[in-house]
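The values are calculated or read from the model by the stated rules, or taken from the named source; none is laboratory data. Quick caveat: nothing in here was measured; it's all calculated off a predicted structure. Positions of Cβ are backbone-derived with ideal geometry, glycine not excepted, and every protein chain shown enters the neighbour counts. The protein model used for the area step is the full one, side chains on, heavy atoms only, and it has no ligands, DNA or RNA in it. Shrake-Rupley method; radii C 1.70, N 1.55, O 1.52, S 1.80 Å.
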Amino acid sequence: KYPQRTGFYGPTFFVFWTANGYGGTGCYDLTCPGWVLTSSQYYPGMQLQSSTYGGQQIELAMDIERDRSTGNWWLYLWGTPIGYWPPSIYNGGALTYGADTIQWGGEIYDSSGSGGFNTLTQMGSGHFATEGYTRASYVRNIAYTDPNGTPYAISQNQLYPQAPAPKCYNYQFQQGRSGQI
């Protein structure tokens, strides 16, 4: 639904929240009360620059941290705090106090009306992970911070990857020079 909301097709930054696992609460961006925008530089609905297949790669450096004094979940882009999810939107649920699971992924806009099934819409470059860096989308430097504020890099044995449609997209692990995934 981004072309109707933003006026353009292409990579778009968005935020989403739900208080009950997609059971009827939550919304995208600022379309309902919940997520609080604090930046005029970066914001949900902004168009993102695209990488070039086989060339320059554009990275979205993102971090989410829970402020232990307020309970707010702060979102950072390229090191800049841009807004937060207040604990009140979670109605006393698990995210009010912390998290025990982290997920990474993306979404596509499907104009065919098929609900994302059998669509020609591609995610990232549309190429498989086996083609490697500069040719396929990637996530790197995955880490988390424990309740005491100590950061930890994620190792491959901590990941539970999913590719429900492997003929459409897949994944591949690569260890970086620092040992991070």
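A few notes on this one:
- This structure gives log10 I(q)/I(0) by the Debye sum over Cα atoms at q = 0.09 Å⁻¹, computed directly, and of (1) -0.32; (2) -0.51; (3) -0.37 that value is listed as (3).
- Legend note: in the chain, cysteines whose Cβ sits 4.7 Å or more from every other cysteine Cβ are 168.
- The Rg/Rh ratio of the range 41-84, with Rg taken over Cα atoms and Rh as the Kirkwood radius over Cα pairs, comes to 1.11.
- Accessible area per residue was computed with a 1.4 Å probe on protein heavy atoms; residue 36 scores about 50 Å².
- Here the calculated FRET efficiency for residue 133 and residue 80, from their Cβ-Cβ distance with R0 = 25 Å, stands at 0.45, rounded to the nearest 0.05.
- Residue 32 sits with roughly 40 Å² accessible to a 1.4 Å probe, with DNA, RNA and ligands left out of the calculation.
- Subtracting the Cα-Cα distance of residue 64 and residue 152 from their residue separation scaled by 0.36 nm leaves 30.3 nm.
- Surface accessible to a 1.4 Å probe, residue 60 within the full protein complex, Å²: 70 Å²
- Accessible-area composition of the chain, carbon plus sulfur, in percent [1.4 Å probe]: 51 percent
- Note on residue 56/residue 30: beta-carbon distance plugged into 1/(1 + (r/R0)^6) with R0 of 25 Å gives a FRET efficiency of 0.20.
- Segment residue 143-residue 102, length gained on full extension (0.36 nm per residue, minus Cα span): 13.8 nm
- Taking every protein chain into account, the accessible area of the chain amounts to 69 square angstrom per residue (probe 1.4 Å).
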